[in-house]
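What follows is a short report on a single structure.
The values are calculated or read from the model by the stated rules, or taken from the named source; none is laboratory data. Keep in mind that what you see is a predicted model, and the values were worked out from it rather than measured. Backbone-built Cβ (ideal geometry, glycine too); neighbour counts: all protein chains shown. Calculation scope for accessible area: heavy atoms of the full protein, side chains included, ligands and nucleic acids excluded. Shrake-Rupley method; radii C 1.70, N 1.55, O 1.52, S 1.80 Å.
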Amino acid sequence: MNIIIRKAEEKDSEKIWTLMEKLAVFEKYIDSFAITPEIVKDSGFRKNPPDFHCIVASDIDKIAGMLVYYFLPYTAQNRPAIYERALCRRKLSWTENRRTTYELFKN
């Protein structure tokens with residue numbers, strides 16, 4: 001397996017939604033889970049600015065994990081914050097994680 005960490009693209013929407021749904025089941029909020037694949041496409045890739053951002057761990061056409069995040073411009077402390085949710089299907093080794101994270105942010 002050759003995992004690459006990269007910014008998600010609109011073509012990943014269905015796979016991202018599948019992982020979101022699995023996370024909702026795992027964290028026991030599936031009964032209130034209202035996200036659809038179309039909402040993922042519209043809110044994350046077609047809107048400017050997007051409602052959320054996403055990074056995926058991919059191996060060719062498979063998504064092994066994701067990190068979805070969005071910014072909160074105002075908090076109780078009057079500071080911006082970032083909120084994130086992640087799900088990985090496979091644990092990355094330290095070397096693999098460090099290498100792929102560097103490749104994502106070097107540009």
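In segment 12-74, which GluC sites (Glu not before Pro) are in a loop and have at most 12 other Cβ atoms within 10 Å, using DSSP for the loop call?
E27
If I model a spin label at T18 and A86 as a point 7 Å from the Cα along the Cα→Cβ vector, what separation in nanometres do I get?
About 2.2 nm, to one decimal.
How many nm separate the modelled label positions at D59 and F26, each set 7 Å beyond the Cα in the direction of the Cβ?
A separation of 1.6 nm, rounded to one decimal place.
List every residue whose amide H lies under 5 Å from the amide H of A8, counting only residues 5 or more places away in sequence or on a different chain, with H placed 1.01 Å from N in the peptide plane.
Distant-sequence amide H within range of A8: C54, I55, V56.
List the trypsin sites (Lys or Arg not before Pro) within segment 58-89 that fall in a DSSP loop (any state other than H, G, I, E or B) and whose Cβ has at most 15 other Cβ atoms within 10 Å.
Those that pass, being in a loop and sparsely packed, are R89.
Ignoring everything but the protein chains, give the 1.4 Å probe accessible area of T75 in square angstrom, nearest 10.
40
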